[in-house]
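Could you have a look at this structure, given as structure tokens, before my questions?
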Amino acid sequence: MRKVFRQILTIEEAKNLLFSRYKPIPRVEELDILSATGRVLAEDVYSKISVPPFDRATVDGFAVKAEDTFSAEEDNPVKLRVLGKIEAGDWVELEVRSGEAFEISTGSAIPKGANAVVMVEFTREVGEFVEIYKSVAPGENVMFAGSDIMAGELILRKGTRLTHREIGVLAACGIKRVKVYGKPKVAVISTGNELSDLNGTLTKGKIYDVNSFSISSAIEENGGTAIRFGIVRDDEEDMKRAILKALNLADIVITSGSTSSGFGDKMYRVLEELAEILVHGIAVKPGKPTIIAISDGKPIFGLPGYPVSALTIFELIVAPVLRELAGLRKDSRKVNARLAVKVFSEIGRREFLPVNLVSGKEGFSAYPVTGSYSGAITALAFSDGIVEVPEEVVMLEENEVVEVKLFSEINPADLVFIGSHCIGVDFILKEIKGNVKVINVGSTGGILAVKRGEADIAGTHLLDESGVYNEKIVKVLGVKNAVLVKGYLRDQGFIVAKGNPKGIEGFEDLLRDDVRLINRNKGSGTRTLLDMHLQKLAERMGKDFEEIKRKIKGYEVEAKTHDAVAIAVATKRADVGLGIKSVANLYNLDFIPLRSEEYDFLIPRDRLGKWSVEKFLEILKSEEFARKLEKVGGLRVYERTGEIIEI
């Protein structure tokens, strides 16, 4: 008996009918990280520790006070007394003073008082002394505590597909198990008397079974587990037994072949007995003879027998269902992009540069992932792909077009946030139901990204010498056609040990001989704030600013993050540092408030109407966001939150 198509539907109508009766609900399971490769995270993951947990050497050499080496030359070396040797895993309490050094191995903890490491290649040991033939700058060859990952930092977002890079990040943070989406089990049945298995000999009138292999492979690529049933002949009873067995074993059943309206096409009649048929015939070419049915809440997809038709329908209808269940998005392979910044490389050595991609006015821009150290696992985990730099190339220019070999998928971002990182931003972005791309390059990098049209929003907290946050600096950097949206306040102050054992009350205490400071890096808003107060102190005391700086023990020792400041105080490498209260709370340290820092958002004017930007600003001004900030401590909204300033 010949069966005509019941009703030809558009692809949209077919999907709507399917999803009106079937809701793909992902299954969540907890796995150890060794079993989680390829899975998709079902929750945000936060680090419980800092990486690294202490300041560490990135080369073999000698830990020194950088200023002791400033006069070092090849024909006039500086001579320092060696206090001992620090191997990886050692912890020493001795302090490096002027004229002293520690021999140190790569990965070892930097001793108290030292702020740089001289590479062993530029030294020569002479008895209990070391001769140094090349000067180093403060912070050179040092990886600072928390410079890669901060304790409490959001390290991997819900929806991230775990590869060897993300697994490395989890291991670095001591995380053994994660919650991931389960892999949907999909049964695959090929039907047709003309089909021959690959193990058999191809006889006259037969063709090899293509669909069960190609569809099974496509299932695995889209996050599922394929259960290949092989070939079932064009016999209705055989088909019924196979489908019933498949429904018992799998979450989804896919058949191919016998779906058309010809005399020998029997799949419609079989499914009519076993399930509720929703669709028979879709207005697409190829792929018209498609059947969609439901049995006890499980979908059955009857795909056409021709491989091209079957795979077309698979991509249009089945793959989105599998990806929804597995938490995946669509994959890409490689793209051309313009470098956002100039990149230097070592001649004679091929380099693979991890980059993060954003879409700008002239196509994709590639941002080299921050963190140049070999131990900075985030250089891989937070990248979209790599740029190969040949051996003979020393430099890639800004705006140079490069080919990016992608690690995995590139999904057009609904919101691109570039700039300074803050936990408050994480609270907002978590509520935006879309594909959010975050690149933490600091305030200045975010402002320049807005200027180039690459960022929807930039987070910034730059303080100029007049004491004004953000507004004047944005204009100095040449940003036009943008607005500055006032964000929230972050309490800045002195971070000290619990109980404030040194009795530190103000900047005058930094001049005491028994007080050691841990400073922030040049160019940071916190460093600017410190220098502003020290300048005022110098004026009150009638002294030169440089003289005041020289009197402060540790002024030249720089930390690149608030987290590194707190760790230095917590480990007693310093008595005091300037930072934000939320970090002091994280490490159970005391905090002496000085002033509130204004963390604001720079937005191109033409992005204000974008739904994700509107949602960001809506959340920023919400009472729920205000409550979340208050719980953190040291962060809070105020009367200017949400105020818009034209740039």
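By count of other Cβ within 10 Å, fewest leading, how are MET532, MET150 ordered?
Ordered by Cβ neighbours within 10 Å, fewest first: MET532, MET150.
A follow-up question, please. Hey, what did the stretch 176-228 get for relative contact order, percent, Cα under 8 Å, at least 6 apart?
45
Taking the structure as given and computing Cα extents along the principal axes in Å, which label from [x] 82, 67, 52; [y] 106, 61, 46; [z] 97, 54, 51 fits?
Entry [y].
Sort MET267, MET119 so the one with the fewest other Cβ atoms within 10 Å of its own Cβ comes first.
Going from least to most buried by this count: MET119, MET267.
Give me the aspartates and glutamates in straight-line cross-link reach of LYS266: C-alpha distance below 16 Å, same-chain residues under 8 apart excluded.
Cross-link targets: GLU194, ASP234, ASP235, GLU236, GLU237, ASP238, GLU276.
Can I ask one more? Would you kindly state how much longer the chain becomes between GLU392 and ARG329 on full extension, computed as 0.36 nm times their sequence separation minus their alpha carbon distance, in nm to one decimal?
Additional length available on full extension: 18.9 nm.
On to the next question. Exactly which GluC sites (Glu not before Pro) in the stretch 57-104 are in a DSSP loop and have at most 16 other Cβ atoms within 10 Å?
Sparse-neighbourhood loop GluC sites (Glu not before Pro): GLU74, GLU87, GLU93.
Now a separate question. At 0.36 nm per residue, minus the direct Cα-Cα distance, what do GLU351 and GLU403 gain on full extension? Give it in nm, one decimal, please. List each step's numbers first, then the result.
Working: separation 52, 0.36 × 52 = 18.72 nm, distance 1.36 nm.
In short, 17.4 nm is gained.
Counting only chymotrypsin sites (Phe, Trp or Tyr not before Pro) that are in a DSSP loop and have at most 11 other C-beta atoms within 10 Å, tell me the longest site-free stretch of the chain.
The reported range is 264-647.
Then there's this: Would you compute the Debye intensity of the stretch 479-647 from its alpha-carbon atoms alone, equal scatterers and no solvent, and pass along log10 I(q)/I(0) at q = 0.19 Å⁻¹ to two decimals?
Taking Cα atoms of the stretch 479-647 as identical point scatterers yields -1.14.
Each residue of the stretch 59-75 in turn: what ³J(HN,Hα) in whole Hz from Karplus with 6.51, -1.76, 1.60 and θ = phi - 60°, glycine and Pro shown as x?
9, 6, x, 9, 7, 9, 8, 3, 5, 5, 9, 4, 9, 5, 9, 4, 9
Test of the criteria: in the stretch 296-346, which GluC sites (Glu not before Pro) are in a DSSP loop and have at most 13 other Cβ atoms within 10 angstrom of their Cβ?
Those satisfying the criteria are GLU346.
A further question follows. Between the stretch 213-248 and the stretch 129-172, what is the separation of their alpha carbon centroids in Å?
That distance is 47 Å.
Shifting gears a bit: Under a crude label model (7 Å from the Cα following the beta-carbon direction), how far is GLU30 from ASN16 in nanometres?
Inter-label distance under the simple model: 4.3 nm.
Can you work out the FRET efficiency for the pair LYS176 and SER217, with r the C-beta to C-beta distance and R0 = 30 Å, to the nearest 0.05?
For R0 = 30 Å, the calculated efficiency reads 0.40.
If the cut-off is 21 Å between C-alpha atoms, which lysines fall inside it for LYS621, apart from same-chain ones fewer than 8 positions away?
Candidates past the 8-residue exclusion: LYS430, LYS433, LYS486, LYS610, LYS631.
If you don't mind, another one. Provide ILE647, ILE110, ILE252 in ascending order of the number of other Cβ atoms located within 10 Å of each residue's Cβ, fewest first.
Ranked by crowding around the Cβ, least crowded first: ILE647, ILE252, ILE110.
Would you mind computing, in nm to one decimal, how far apart the modelled labels at LYS522 and THR444 are, each placed 7 Å from Cα along Cα→Cβ?
1.0
Compute the Cα gyration tensor for the stretch 21-131, then decide on rounded, prolate or oblate, letting a ≥ b ≥ c be the square roots of its eigenvalues: rounded whenever a/c is under 1.5, prolate when a/b is larger than b/c in the other cases, and oblate in all that remain.
Since a/c reaches 1.5 and a/b is larger than b/c, the shape of the stretch 21-131 is classed as prolate.
Once every DSSP H run of n ≥ 4 in the chain is given -39500 (n - 2.57) and the sum is divided by its residues, what mean residue ellipticity at 222 nm do you get, rounded to the nearest 500 deg cm²/dmol?
-7000 deg cm²/dmol
Show me the ranking of peptides 573-585, 153-165 by mean Cβ neighbours inside 10 Å, starting with the highest.
Per-residue mean Cβ counts within 10 Å order the peptides as 573-585, 153-165.
By DSSP, what percent of the beta bridges with both residues in the chain are antiparallel, rounded to the nearest 5?
Values: 86 of 125 bridges.
The antiparallel proportion sits near 70 percent.
Give the cross-link partners of LYS553 among the lysines, using a straight C-alpha distance below 30 Å as the criterion and excluding same-chain residues fewer than 8 apart.
By straight Cα distance, LYS553 reaches LYS65, LYS79, LYS85, LYS112, LYS134, LYS498, LYS502, LYS522, LYS536, LYS543, LYS572, LYS581.
Between LYS475 and GLU121, how many nm apart are label points set 7 Å from Cα along the C-beta direction?
Label-label distance for LYS475 and GLU121, simple model: 4.8 nm.
While we're looking at this one, here's another question. Can you tell me the 0 to 90 degree angle between the C-alpha axis of helix 442-451 and the longest principal axis of the chain, rounded to 10?
Helix 442-451 sits roughly 60 degrees off the main axis of the chain.
We did not get these values from a lab; they are worked out from the coordinates using the rules stated. Everything numeric here is computed off the predicted structure, so don't read it as measured data. Neighbour counts are summed over all protein chains in view; Cβ atoms, including those assigned to glycine, are modelled from backbone coordinates with ideal geometry.
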